[in-house]
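Structure first, commentary second.
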Amino acid sequence: MIKSTLVAMLAVLALGGAALAHDVPTDAQIAHIAYTAGQLDIAEAEQALQKSKNPDVIAFAELMARDHKAVNDEALALLGKLGVTPEDNPTSQKLAADAAAKLKELSALDGPAFDVAYVANEVTFHQAVNLALGTVLIPAAQNADLKALLVTGLTLFTEHQQHAEHLATQVK
Amino acid sequence: MRVLVLALAIALQLAPGGSAAAEYTIVVSAMKFGPVPAGLRAGDTVVWRNDDMFRHTATARDGSFDVDLPPGTSASVVAGEPGSIEFFCKFHPGMTGTLMVGP
């Protein structure tokens, strides 16, 4: 119990949030966190598509933009059907603030230096999101359809993480 | 090669005493390929139907087929020579399966 609580706290902290570590997030908060994470990764991908010249990095960024948009479109449709309004929360806010700082940091880089930093951040970001999904968000989700979408999302994001980890060994 | 496979498929369908080619559907959903047909034979058609929200591919490791599957679309492949064919999704390589093609 102590161990699982610690893992859950680490997972949420990995996403940059502290306020939810002691509370079980509601479906409205879970939806907001998952949707925000997706939107932030799309923003990172769009930046990569503008800056990178590396075909493998470009292909990866195109995949991130396409897949995360698909999940978020599905999430919006589901939330509309359920009548759930995503609820902003400190974890989402911290995620967004950290991502904005990372976008700014990466905007100062070009060429291979940008590619390396972008891919490294994709590895870290997906690791954190996947840990949070597996240990906090999916177990806490109450609605079966939301939980199923999060489970599919975790399968997808695990693929993305492995792809990013492989790409990180290729991009120099 | 594709023409040859098609011609073979037609020949098998028209052959006196030969059984008609069958059609099987493999559904892609929730980041997984659904069950593969158990009785698949050379000349049968495999329809790949993507019910998922993501773009996928059904790509043979031996290069014998490679179909693009945007969300909500289907594509067909005629089973070629007997044997086993491993396949995967190029975008999500953790998605895999094996077609067993009988004579």
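With a sphere of radius 12 Å drawn around the Cβ of B:Lys90, what net charge do the other residues whose Cβ falls strictly inside it have (Lys, Arg +1; Asp, Glu -1)?
Neighbourhood net charge equals -1.
Taking the Cβ of A:Lys51 as the centre, find all other residues whose Cβ is under 12 Å away and add up their charges (Lys, Arg: +1; Asp, Glu: -1). Walk me through the numbers before you get to the answer.
Details: positive: A:Lys53; negative: A:Glu44, A:Glu46, A:Asp110, A:Asp115.
Summing Lys and Arg as +1 and Asp and Glu as -1 gives -3.
Among B:Met100, B:Met53, what is the fewest-to-most ranking by other Cβ atoms within 10 Å?
By the 10 Å Cβ count, ascending, the order reads B:Met100, B:Met53.
For labels at A:Val24 and A:Val116 in the simple 7 Å Cα→Cβ model, what's the distance in nm?
Simple spin-label model gives 4.6 nm for this pair.
Spelling out what I want: for every residue of the range B:73-80, take phi, set θ = phi - 60°, compute 6.51 cos²θ - 1.76 cosθ + 1.60 (Karplus), and round to whole Hz; glycine and proline get x.
10, 10, 8, 10, 9, 8, 5, x
Can you give me the Cα centroid spacing of the range A:112-148 and the range B:58-103 in angstrom?
Going from one Cα centre to the other spans 29 Å.
Rg and Dmax of chain A over Cα atoms: what are they, in angstrom?
Every Cα atom of chain A included, Rg and Dmax give 15.8, 48 Å.
Using 0.36 nm times the number of residues separating A:Glu105 and A:Leu76, minus their current alpha carbon distance, what extension gain do you get?
Value of the extension gain: 7.4 nm.
Residues with beta-carbon under 10 Å from that of B:Pro37, excluding B:Pro37: net charge, scoring Lys, Arg +1 and Asp, Glu -1?
Summing Lys and Arg as +1 and Asp and Glu as -1 gives -1.
Using only the alpha-carbon atoms, how far is helix A:144-170 inclined from the longest principal axis of chain A? Give it as 0 to 90 degrees, nearest 10.
Value to nearest ten degrees: 20.
Which one of A:Phe125, B:Val101, A:Gln47 is farthest out on the positive end of the charge dipole of the protein assembly as shown, using unit charges on Cβ (Lys, Arg +1; Asp, Glu -1) and the Cα centre as origin?
My answer, from the dipole projection, is B:Val101.
Each reported figure results from applying straightforward, stated rules to the coordinates on display, with no laboratory input. Model, not experiment: these values are computed from the prediction. We place every Cβ from the backbone using ideal geometry, glycine too, and count neighbours over all the protein chains shown.
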